[in-house]
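Undergrad: First, the structure itself, so that you have it in front of you.
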Amino acid sequence: MNDRVELQTEVDAPRHLVFPLFATADGLRRWLDAATLDARVGGELRATLRDAQAVGRVLALDPPQHISFAWDWVGRPLGAASVVAFDAIDHGARTWVTLRHVGLPSTGQVQLHEVMWQVWLERFVDACRLLPDKSETTHP
């Protein structure tokens, strides 16, 4: 059984501007409905996506390329450990983004989460469009 959702997109912004959108609380709030994040391994994540709330902990953090979270839903737990991961790869002045949600317990949950993540990934892409012009920023 396939236990994962994996979606990819390319955005017209450099990785050092894209990565904070999924690795900081301020960044997450630009495309999720609400979020808090203690961005360190073991730090807590709380995210609101419409009427659903997810909680988790940071499992791995490798700026500016990778962050992953142990993830579950409040009130409707998946009944299995799942992990949400974001990766950002430089592609010239653009960034290739991969979102993975692994450990989903059934085909139905995979299908449900694929539809859900497609919606939220589109919101992420929209947030990337609002990032400052790369010519006006300097790489840290």
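Undergrad: Kindly evaluate residue 56 against the criterion of being in contact (Cβ under 8 Å) with a residue 24 or more places away in the chain, of a type in the set (Gly, Ala, Ser) and crowded, with 18+ Cβ neighbours inside 10 Å.
TA: yes
Undergrad: Exactly one of (1) in contact with a strand residue (DSSP E or B) (Cβ under 9 Å, 6 or more places away or on another chain); (2) assigned to a loop (DSSP other than H, G, I, E, B) is unmet by residue 100. Its number?
TA: Every condition holds for residue 100 apart from (2).
Undergrad: Among (1) charged (D, E, K, R); (2) within 23 Å of residue 9 (Cα to Cα); (3) surrounded by fewer than 15 Cβ atoms within 10 Å (Cβ to Cβ), which single condition is residue 94 missing?
TA: (3)
Undergrad: Then there's this: Of all the residues that make up region 59-91, how many are among the aliphatic types (A, V, I, L, M), in a loop (DSSP other than H, G, I, E, B) and surrounded by 14 or more Cβ atoms within 10 Å (Cβ to Cβ)?
TA: 1
No lab work stands behind these numbers, since they all come straight from the coordinates. As the structure is a prediction and not an experimental result, all values here were calculated from the model. Note: ideal-geometry Cβ built from the backbone for every residue, glycine included; neighbour counts use all protein chains shown.
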